[in-house]
Structures are given as C-alpha cells and as structure tokens.
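Engineer: Can you read through this structure? Questions will come right after.
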Amino acid sequence: MFEHRQNTGPKQWSRMAAGLLLFAGVLSHPASAQDTQPILTTVAGNGGAGNGGDGGKATDASTGLPIGLKIDRYGNLYISNIESHRIRRVSPSGIISALQVTPAGFSFNQPYDIDIDAEGNLYVADSLHHRIVKIDPTGAATIIAGISNSAGLSGDGGPATSAQLNGPVALALGPNGVIYISDYRNNRIRKLTPSGNGYTISAVAGAGPGNPPNGGYFGDGGPATQAHLNGPHGLAVDRAGNLIFVDHFNNRIRMITPEGNITTLAGTGSTTSSGDGGPASSAGIHGPSDVVLDAAGNLYIAEYAAHKIRKVARNGTISTVTGTGEAGSAVSGAAASGAKIHSPHHVEIDEQGNLYFTDYGNNLVRKVSNAVVVTPGLRISKIGGFDVPVYTVGSATAADISLPVGTDPSSVPVEVTGAGISDGVSVQLLKNGADAGSAPLSAGKATFTTALSLNSITVLQAKATVTLTASARQALPKVKGHELVKMELTASLGGPSAIRYLSKEGKGYTLAELQALATPARRS
C-alpha cells in the first residue's frame with residue numbers, strides 16, 4: 001500500500017510525577033541488568049514467504065508479509081497477512097491457526113489493520129475490498145462500513161454501509177462505541193458512530209476545501225476537518241479522548257483533540273530519522289506507519305522507512321527502542337538496542353509491558369520484552385465475567401453493579417489485575433469495608449468469588465502490600481527517622497490505583513509527601 005511519494009511541507013503530554021516509574025521491575029526479585037535489558041525475540045514466522053504451518057508452532061510457520069496485529073484479553077495474538085489475505089491467531093502457548101470466518105466463501109483482500117473490543121468482536125480494515133468488517137466471537141462476519149469492491153468518497157452523514165471508502169488501512173476503537181478509520185487513498189480520517197443497528201459515517205480530518213488528491217500538509221492549530229493529510233495510517237485514542245494518527249507521507253505524527261482541533265506531536269516533515277534525546281516536535285521521523293500508547297501515556301512509533309521503533313515519552317522526548325536505521329534481521333534473543341529490523345509496520349503492547357511489532361520486511365512478528373516501564377498498580381478489571389471499563393474519569397469508590405440475568409448474586413467472580421507486581425503477592429478484596437477474602441496474584445491476576453447485592457450500591461476495593469527491594473528503598477526520597485519498607489497499592493472500583501509507601505513503623509506516605517518531606521525548607 002505504501003507508495004512512498006514525498007511531500008514538503010503541540011499540545012504535549014502532561015508530565016508524570018517524577019520518580020513514580022522508578023519502581024516498575026523492582027517489586028519482585030532484585031533484577032539484574034540482564035533481566036531488565038530489552039530483548040528482541042521472534043514470536044511468529046520463520047522468515048519465509050507464504051502461509052504454511054497452521055496447527056504448529058508459530059515460529060515454525062511462514063507468515064508472508066504480516067501487517068496488523070492485536071492482542072486480546074486472553075493473550076491471543078491476531079495477525080493480518082496481506083500475502084495470504086488471512087487473519088491468523090497465535091495462542092498463548094505459541095500455536096498458530098487461521099481464523100475461521102462465516103459465511104462460507106467470505107474472503108479478505110489485503111486486510112491491513114485489526115482491533116478487538118471488550119466483547120471479543122474483531123474489526124478488520126479490509127483494504128482492497130474498501131470496507132470495514134466485524135467478526136463476532138463465533139466467526140460470523142458482517143460488513144459495517146463501505147461498499148465491497150467500490151472505491152470512492154461518498155456517504156458522509158449517512159449510513160456507513162452506503163458510503164464509499166478508498167483503501168482503508170487502519171482503525172481504532174474509541175469511547176462510546178465509536179470507530180475511527182484511516183481512509184488512506186482519500187487522505188481522510190473518518191468516524192463510525194453507532195446508530196440503531198448500524199453506524200453513521202462522518203469526516204473527522206482531511207475534508208478541507210482544496211485537499212489535493214495526492215495529499216498535502218495544512219491546518220495545524222485549526223479544525224481538523226479543514227486540514228490536509230497525506231496518506232493517514234495508524235491510529236490510537238488516549239484516555240483524554242485525543243485521536244493520535246500517523247500522517248505517513250508528511251512524516252509526522254498528528255493529534256486531533258476532542259474539540260476537533262489538529263496539531264503535530266512529532267516530526268518535522270524531514271525524510272531523515274533524527275533527533276533522539278530531544279523534543280519529538282523537532283525530530284525527523286521517516287515514513288511512520290503505526291502508533292500505540294502504553295498505560296502511562298508514552299507513545300511508540302513504527303518508523304517503517306527508517307527500520308526503527310521509536311518512543312515519545314510523556315515529556316515529549318524521543319528515543320529509539322530498537323532498530324539501527326539500516327534494514328536487517330537480528331537473531332532472536334538479541335539485545336533490542338542496536339538490533340537490525342526491516343520495515344516495521346504495526347505495533348502493539350501487552351499488559352506486561354512487552355512491545356510487539358510486525359517485522360514486515362523479514363516476514364516475522366517480533367517482541368521486545370521489558371520494553372515498557374509498567375507503573376505499579378491494581379485494577380478491578382472484571383465482575384461477573386464482564387469487563388470493568390478502563391476509560392474511567394474521577395476517583396469514585398462505588399458503582400451500581402449490574403449483573404446479567406440469571407446470575408446468582410451470592411457467588412459472583414471478581415477479577416483483579418495487577419501491573420508491575422510479581423507473582424506470589426497476596427491481594428485482599430474489601431466489600432463495603434469488610435474483608436471479602438485474599439487471593440494470590442498469579443500471571444498478573446487475582447480472582448475472588450464474593451456475594452454482591454442486586455440493584456444497590458456495592459463498594460469494592462482491592463489491596464496489595466509489596467515489600468520493597470533494596471534498590472527501590474534507596475531510590476525513594478528519604479524521610480528522617482523513618483525507614484520505608486513497603487509499597488501499598490489500593491484500587492477502588494471505578495477509580496485509579498493509589499500508591500502509598502509504608503515505613504517500618506507503619507506510617508504511610510504518598511510520593512508527593514515523600515518529596516516534600518525530603519526537600520529542605522527555604523530560609524526566609
């Protein structure tokens with residue numbers, strides 16, 4: 001899909017509290033440099049073209065021209081292959097298979113990007129069929145936008161299934177059921193909004209008057225619908241509702257605010273890859289193809305033409321995660337820093353902070369372990385088998401819990417997810433302030449069975465106390481007369497985690513309190 005035509009011609013992420021990320025990776029055993037060094041491994045593909053190997057190990061299979069990838073909540077990795085026109089799945093145990101779709105005979109034509117919602121529905125940008133397809137957990141496929149095999153630009157304001165798309169290459173799920181689409185050959189970003197049993201389609205960016213068919217760069221600081229784009233690709237939605245997207249041929253990463261204004265976050269338009277250690281807005285980004293956000297709001301960029309994966313921290317500083325700028329194929333198990341990769345296309349991050357990408361030019365899917373610094377925390381993630389929404393605003397401690405019909409309220413499973421905490425830590429569940437039991441954190445999750453009231457307010461909290469390693473204690477600001485020995489994590493249903501650091505005497509401090517107590521008072 002990339003044609004590599006060239007053109008010539010922010011609002012930054014808020015700063016994270018200093019020091020909060022120091023403790024990811026040191027909450028379990030004292031980690032050695034080898035433990036924490038990002039390592040590049042192969043998770044699918046043997047480097048060959050074609051699509052053989054279903055039913056066997058993913059690393060023994062041929063995965064010709066992998067493009068999109070997505071990980072579901074069960075750890076299954078989905079890969080779109082444009083050579084075989086298929087969606088394939090790698091199980092958590094590493095076995096690869098083809099996704100079976102009904103009705104019989106349903107096919108894709110260069111499926112580019114994929115996304116998955118909380119119910120397990122898979123969404124596919126079926127690029128050369130010029131449509132968006134939804135596949136439910138049973139494998140039933142439905143066209144939700146576009147007219148099959150009819151490329152064009154029409155239909156804004158009406159039903160999405162009556163509209164024309166032209167080579168959609170990326171999609172992203174936003175809040176309230178909205179789906180964003182990079183309509184590549186139309187140089188637009190469009191939006192699907194739920195309406196009745198379907199969707200209404202509208203333009204989000206690139207619909208400005210005079211937008212040239214061969215693309216352009218125009219409009220920063222104004223309405224995105226008046227802006228010009230050039231080959232929009234990967235999309236990501238942050239927790240504030242900002243839509244971040246790749247403006248491929250403009251060699252930039254741009255952002256659309258919830259109010260509809262557009263700005264540039266990263267890239268100068270230069271066709272060089274440069275600027276590590278400095279602000280992303282002054283860096284050169286060459287041929288980007290995709291973006292993904294980690295839980296802390298750091299942005300990762302697949303820099304397709306420069307053979308790199310790069311990171312933009314929340315303070316706006318850019319760096320390289322892996323890739324040297326020269327196409328090549330590092331062996332599995334090599335240090336990610338300095339490893340050669342070839343035309344990375346899409347990027348994804350799992351709950352453990354591992355970064356995955358399609359190493360398109362090498363016909364591989366790769367993983368960079370320990371790539372993302374995971375902020376320690378807990379989250380009540382599932383109740384009665386249903387996901388608790390991640391997009392939560394505020395710090396509510398209670399929620400009206402709706403249980404599915406037929407559920408026995410005296411025995412409801414509650415799942416707590418832990419990030420940046422090792423197995424073996426015991427998690428305590430509190431229901432309306434009373435102890436509802438303890439469970440070990442294993443593989444990042446602790447599961448409880450507890451009684452919940454129907455049609456009433458139930459307050460749920462989860463707590464975990466972690467012994468700090470020597471390096472973590474040493475890194476914390478010092479409080480005179482108190483030795484900090486533990487970290488206490490508390491999650492409330494509907495709200496974010498809270499972190500306190502406990503002294504040997506049992507007194508608790510927030511990070512801000514530690515910093516304030518460690519700062520000498522100014523003399524007047």
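The values are calculated or read from the model by the stated rules, or taken from the named source; none is laboratory data. Quick caveat: nothing in here was measured; it's all calculated off a predicted structure. So basically every Cβ, Gly included, is an ideal-geometry build from the backbone, and we count neighbours across all protein chains shown. These accessible areas exclude ligands, DNA and RNA; they are computed on the full protein's heavy atoms, side chains included. Shrake-Rupley method; radii C 1.70, N 1.55, O 1.52, S 1.80 Å.
Engineer: With a 1.4 Å probe and every protein chain kept in, tell me what percent of the accessible surface of the chain is carbon plus sulfur. Intermediate results must be reported in sequence, preceding the final value.
Structural biologist: Values: 11090 of 21640 Å².
C and S fraction of accessible area: 51 percent.
Engineer: Quote the relative contact order of segment 136-254 in percent (integer), defining contacts as alpha-carbon pairs under 8 Å separated by 6+ residues.
Structural biologist: Details: 274 pairs, mean separation 21.9, N = 119.
This gives 18 percent for segment 136-254.
Engineer: Still on this model: So if we plug the beta-carbon distance of residue 214 and residue 57 into 1/(1 + (r/R0)^6) with R0 = 60 Å, what FRET efficiency do we get, rounded to 0.05?
Structural biologist: Values: r = 44 Å, r/R0 = 0.74.
Here the calculated transfer efficiency is 0.85.
Engineer: If you don't mind, another one. For the ranges 92-105, 316-329, 372-385, what's the packing order if you count other beta-carbon atoms within 10 Å of each residue, average per peptide, and put the highest first?
Structural biologist: Details: 92-105: 13.1, 316-329: 18.5, 372-385: 20.5.
Highest-to-lowest ranking by the protection proxy: 372-385, 316-329, 92-105.
Engineer: What residues qualify as long-range amide H neighbours of residue 346, i.e. H under 5 Å apart, gap of 5 or more or another chain, H built at 1.01 Å from N?
Structural biologist: Excluding prolines and chain starts, which carry no amide H, the hits are 358.
Engineer: List, in order, the whole-Hz ³J(HN,Hα) value for each residue of segment 107-119 obtained from phi through the Karplus relation with A = 6.51, B = -1.76, C = 1.60 and θ = phi - 60°; use x for Gly and Pro.
Structural biologist: Going residue by residue, I get 9, 10, 10, 6, x, 8, 10, 9, 9, 9, 8, 5, 8 Hz, with x marking Gly and Pro.
Engineer: Can you tell me the length gained on complete extension of the stretch residue 350 to residue 259, counting 0.36 nm per residue apart and subtracting the Cα distance?
Structural biologist: Working: separation 91, 0.36 × 91 = 32.76 nm, distance 2.97 nm.
In short, 29.8 nm is gained.
Engineer: Turning to a different aspect of this structure: Quick one: net charge of residue 505's neighbours, Cβ under 12 Å, K/R +1, D/E -1?
Structural biologist: Values: positive: 486, 504, 507; negative: 483.
That sum, taken over residues with Cβ under 12 Å, equals +2.
Engineer: Another one. Starting from the amide H of residue 321, placed 1.01 Å from N in the peptide plane, find each other amide H under 5 Å away whose residue is 5 or more places distant or on another chain.
Structural biologist: Those lying under 5 Å, H to H, from residue 321 are 309, 310, 311.
Engineer: To the nearest µm²/s, what D does Stokes-Einstein give for segment 403-505 at 20 °C and 1.002 mPa s, using the Kirkwood radius over alpha carbon pairs as Rh?
Structural biologist: Details: Rh = 15.3 Å.
Taking Rh from Cα pairs, D becomes 140 µm²/s.
Engineer: Next up: Can you order the peptides 197-205, 137-145 by their average number of other Cβ atoms within 10 Å per residue, highest first? Write out the running numbers ahead of the final one.
Structural biologist: On the way: 197-205: 19.7, 137-145: 15.9.
Per-residue mean Cβ counts within 10 Å order the peptides as 197-205, 137-145.
Engineer: Residues with amide H under 5 Å of residue 195's amide H, sequence separation 5 or more or different chain, H placed in the peptide plane at 1.01 Å from N; which?
Structural biologist: Residues meeting the criterion, in which the H sits 1.01 Å from N, are 200.
Engineer: Okay, next question. Net charge near residue 50: determine it from the other residues with C-beta under 15 Å of the C-beta of residue 50, scoring Lys and Arg +1 and Asp and Glu -1. Could the numbers behind the result be given before it?
Structural biologist: Values: positive: 86, 88; negative: 54, 60, 83.
It works out to a net charge of -1.
Engineer: As a quick test, which of the pairs 308/367; 382/486; 478/507; 70/311 have an alpha carbon distance above 22 angstrom in this structure? Before the final figure, lay out the partial values.
Structural biologist: Values: 308/367 13 Å; 382/486 27 Å; 478/507 14 Å; 70/311 19 Å.
Check vs 22 Å cut-off fails for 382/486.
Engineer: In whole Hz and in residue order, list the ³J(HN,Hα) couplings for segment 172-189 that follow from phi through the Karplus curve 6.51 cos²θ - 1.76 cosθ + 1.60, θ = phi - 60°; x for Gly and Pro.
Structural biologist: 8, 8, x, x, 6, x, 6, 10, 9, 10, 8, 8, 3, 6, 8, 6, 9, 10
Engineer: What length, rounded to one decimal in nm, is gained on full extension from residue 503 through to residue 335, with 0.36 nm per residue of separation minus their alpha-carbon distance? Present the calculation step by step, with values, prior to reporting the outcome.
Structural biologist: Numbers: separation 168, 0.36 × 168 = 60.48 nm, distance 3.77 nm.
Working it through step by step, the gained length comes to 56.7 nm.
Engineer: Given the rule -39500 (n - 2.57) for each run of at least 4 DSSP H residues, summed and divided by the residues of the chain, what is its mean residue ellipticity at 222 nm, to the nearest 500 deg cm²/dmol? Walk me through the intermediate numbers first.
Structural biologist: On the way: 3 runs with 18 residues, N = 524.
When only DSSP H runs of four or more count, the value is -1000 deg cm²/dmol.
Engineer: Right, here's the next one. Can you give the percent of C-alpha pairs in segment 133-189 whose distance is more than 18 Å? Walk me through the intermediate numbers first.
Structural biologist: Details: 552 of 1596 pairs.
Of all Cα-Cα pairs in segment 133-189, 35 percent lie more than 18 Å apart.
Engineer: Looking at (i) 23.7, 81; (ii) 30.4, 103; (iii) 23.6, 70, which value of Rg and Dmax of the Cα atoms in Å comes from a calculation on the structure shown?
Structural biologist: Entry (i).
Engineer: List, in order, the whole-Hz ³J(HN,Hα) value for each residue of segment 91-97 obtained from phi through the Karplus relation with A = 6.51, B = -1.76, C = 1.60 and θ = phi - 60°; use x for Gly and Pro.
Structural biologist: In residue order, the calculated couplings are 6, x, 8, x, 9, 9, 8 Hz.
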